[in-house]
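The values are calculated or read from the model by the stated rules, or taken from the named source; none is laboratory data. Computed from a predicted model, the values in this text were never measured in an experiment. Note that we place each Cβ from the backbone using ideal geometry, even for glycine, and neighbour counts take in every protein chain shown. We work out accessible area using only protein heavy atoms, side chains counted, and drop any ligands, DNA or RNA first. Shrake-Rupley method; radii C 1.70, N 1.55, O 1.52, S 1.80 Å.
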Amino acid sequence: MNMHNDTLSQLHLLHLDKSKADGRYAVANLDGFIASIWAIIPILDLLSSTVFFVKNTQAQYMIVNKTLKARLDIEHDSQIIGKTPAQMFGDKQGGEYMAQDLKVLEGVSIVDRLELHTYPSGKLGWCMTHKFPIYNHNNQVVAMVGVSIDIDKDNGHQLKNHEKLAIAIDYMKDHAEHKLTIGELAKQTGLSISRLERLFRSVLQLSPQQMLQKIRLEKAIDLLKNTKQSVVEIALQCGYADHSAFSRQFKQLTGLSPSDFRKRLT
């Protein structure tokens, strides 16, 4: 099973009931739900590659695991509980996370969202993020749960056993500045489009489109860090004819504009 879907399937262990009609997660009692999570925090603290948190309806942290605290370079719950992402990540990046949270608290779930988190500790990390509103039995949103699962940075050992996948990724890297289609990638590998998409999902837990986004963004970050090229020039080298589209996607994936990200790197 895909590790992200497997993570989502375990939410029932936290005393969550999922409605078959609308897919919503509901709790009979919020206090009981919170207590059940505190009971398993020692287990969640062992997940060094997974950030876990619960927030209230003001997007303030109620519960966080050890992984999030470590990446924020804090030790105690008192340093984060009751605070918002804007307070923990800074106005610009935290503001983006806050806006995302408020949409979730309006009832919009986020599933399989590729993100590059930049933590105040200096750590950069690719992850797949999931966020869900939690309802009471009166269909009112009473909280939200978030999980961000790290994506393996070093895919070399995985690709050794998947030659076709390695071909597709090498082609993406060599042609990141061009407009690429899944059909073109499938042709390069000799696989059908559906087979190639399944292979990406099963091995890397990413769609081909998400992998291409990741490759392009990593190239953009390298150029932002190591050159003085303008954002317009970098956008062109990363496959974006429209630099505004590049800036929008960059901000969506990182929470920062390219210019703000460059400032953080220096």
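Given charges of +1 on the Cβ of Lys and Arg and -1 on the Cβ of Asp and Glu, with all other atoms neutral, how large is the dipole of the stretch 39-186 about its Cα centre, in debye to the nearest 20?
Values: 15 positive and 18 negative charges, 52 e Å.
Taking the Cα centre of the stretch 39-186 as origin, the dipole is about 260 debye.
For the chain, a simple Cβ point-charge model (Lys and Arg +1, Asp and Glu -1, everything else neutral) yields a dipole of about 340 debye relative to the Cα centre.
In this structure, Ser207 and Ser78 have a Cβ-Cβ separation that, at R0 = 41 Å, corresponds to a calculated FRET efficiency of about 0.55. The fraction of accessible area contributed by carbon and sulfur in the stretch 19-150 is 52 percent, rounded to a whole number (1.4 Å probe; ligands and nucleic acids excluded).
Given only helices, namely DSSP H runs of n ≥ 4 each adding -39500 (n - 2.57), what is the per-residue ellipticity at 222 nm of the chain, to the nearest 500 deg cm²/dmol?
About -14500 deg cm²/dmol.
Would you mind pulling out the separation of the Cα centroids of the stretch 131-149 and the stretch 247-266, in Å? The distance from the Cα centre of the stretch 131-149 to that of the stretch 247-266 comes to 28 Å. Shape analysis of the stretch 148-247 places it in the prolate category; the axes a ≥ b ≥ c from the Cα gyration tensor give an a/c of at least 1.5, with a/b above b/c.
Suppose all protein chains stay in the model; what accessible area per residue would a 1.4 Å probe give for the stretch 57-134, in Å²? List each step's numbers first, then the result.
On the way: 3240 Å² over 78 residues.
Accessible area per residue, the stretch 57-134: 42 Å².
Surface exposure of the stretch 145-266, expressed per residue as accessible area with a 1.4 Å probe, stands at 52 Å².
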